[in-house]
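In what follows, a single structure is set out as structure tokens and then discussed.
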Amino acid sequence: MSRTLNRKDPSAFKTLPLFVEASAEGLSYQSLGRPLNFSEMLGRRRAIEVGDNQRFAVELANLGVSVRLTLTWQGRDYWILVRQRRLDRGDVVLKLISGYVPAHELNLPLLTAIQEVAEECLLETPEGWLSGRFGDTWLPSPYQGTLRYRETLHFQLSPLSGAARPVQCGQLTLLERPRAYVHLPTASLQLVYDLHLELPKEARQLSLFHVDERLEDGKLIARLDRSRPDLYLIPLHQGRPSAELLTLNKGQLKAASTRGLWLAESFAAQDGWLVRDERIRWKDWLSQQQLGAAPAKPSAKPRVPTAAAPLKLNAAQQG
């Protein structure tokens, strides 16, 4: 049974449309027009065309932010992905931790990014949940009223190497140099921060859970469902992703099914500053990354997989 963690009024969210200018050397954005509520923003997220993939000026619906989060667990590195049913696009994908940037954080999207980590990626130990820090800044503990966070242990977020080309908000160059792309199907600018999550040495029997908000009866409801952790790991080998998908529960890694699996557009091919796809099939992404299928691992005795439920799309969504 799921547990309600938080309720929000969606009318409190405001964002701003953007004017974006790009060249081969860099990209800049600035706010344009009046603030938009959530429904108004979604109404503007319609497909656009851009002729030149390197040099253009365009008006966009919103700024989005994602975090390619690398977790170190027992001496190995893993990318963290979350499962999301995207009602506005009618699909189910694995995606990076991500969210919409509100108007008051438009010039500091890194703050939105680390807040999304705190809200979407929950780390549980037998003694309680872990809060986090980014440098000297404490991440919020958004579910403090319903979950018991540990007082003496926390995880640490730190930036990894940034993108080669700079991104500016007006005249201000963004720190940590996020990767940027214009997503043509949703007329949005997306920034991807590369961050590392370091666990305290005392963290044992770790379990990972994803919490996502859904609009129900006019409220944004955040729920924790232990039967569907919805948080997945891709192992890295010398910094490169592998063809495996895993879950982590009570310190145990288990293989997850990739049948019918799709990844969000941040995994699709980027052409200059542009991404044209809504999503990409897992097997197509493996081919794009020149990764073979995960090898079968010998086992002393066969066992029924106990990983999270496979991600399936219906026939219409599979296209």
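The values are calculated or read from the model by the stated rules, or taken from the named source; none is laboratory data. Every value quoted in this text rests on a predicted model; they were computed, and no experiment measured them. Heads up, the Cβs are rebuilt from the backbone with ideal geometry, glycines too, and the neighbour counts pull from every protein chain shown.
The rows are residues; the columns are (1) free of Cβ contacts under 8 Å to residues at least 60 places away in the same chain; (2) surrounded by 12 or more Cβ atoms within 10 Å (Cβ to Cβ); (3) outside any helix (DSSP H, G or I).
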site: Leu5; (1), (2), (3): no, yes, yes
site: Glu21; (1), (2), (3): yes, yes, yes
site: Glu25; (1), (2), (3): no, no, yes
site: Ser28; (1), (2), (3): no, yes, yes
site: Arg34; (1), (2), (3): yes, no, yes
site: Glu40; (1), (2), (3): yes, yes, no
site: Gly51; (1), (2), (3): yes, no, yes
site: Val58; (1), (2), (3): no, yes, yes
site: Leu63; (1), (2), (3): no, yes, yes
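Only residues that are of a type in the set (D, E, K, R), surrounded by fewer than 21 Cβ atoms within 10 Å (Cβ to Cβ) and in a strand (DSSP E or B) were counted in region 89-138, giving 3.
Within region 168-192, residues that are within 18 Å of Asp52 (Cβ to Cβ) and part of a strand (DSSP E or B) reach no partner that is of a type in the set (Lys, Arg) and modelled with pLDDT of 95 or more with beta carbons closer than 6 Å at six or more positions or on different chains. For region 7-16, the candidate set comprises residues that are assigned to a loop (DSSP other than H, G, I, E, B) and in contact with a Pro (Cβ under 9 Å, 6 or more places away or on another chain); within that set, the residue that is modelled with the lowest pLDDT is Phe13. Give the residue that is surrounded by the most Cβ atoms within 10 Å (Cβ to Cβ), with candidates limited to residues of region 220-275 that are under 30 Å from Ala22 (Cα atoms) and without any contact (Cβ under 8 Å) to a residue 24 or more places away in the chain. Applying the filter and picking the extreme gives Phe267. Residue-level check: of (1) among the small types (Gly, Ala, Ser); (2) in contact with a strand residue (DSSP E or B) (Cβ under 8 Å, 6 or more places away or on another chain); (3) at pLDDT below 95; (4) closer than 30 Å to Asp9 by Cα, Gly239 misses just (4).
The condition (being exposed (fewer than 14 other Cβ atoms within 10 Å of the Cβ), β-branched (Val, Ile, Thr) and either in contact with a helix residue (DSSP H, G or I) (Cβ under 6 Å, 6 or more places away or on another chain) or modelled with pLDDT of 95 or more (or both)) is satisfied by just one residue among Thr173, Thr152, Thr146: Thr173.
Apart from one condition, Gln144 fits all of (1) part of a loop (DSSP other than H, G, I, E, B); (2) without any contact (Cβ under 8 Å) to a residue 40 or more places away in the chain; (3) within 18 Å of the chain's Cα centre (by Cα); (4) within 21 Å of Pro10 (Cα to Cα); the exception is (3).
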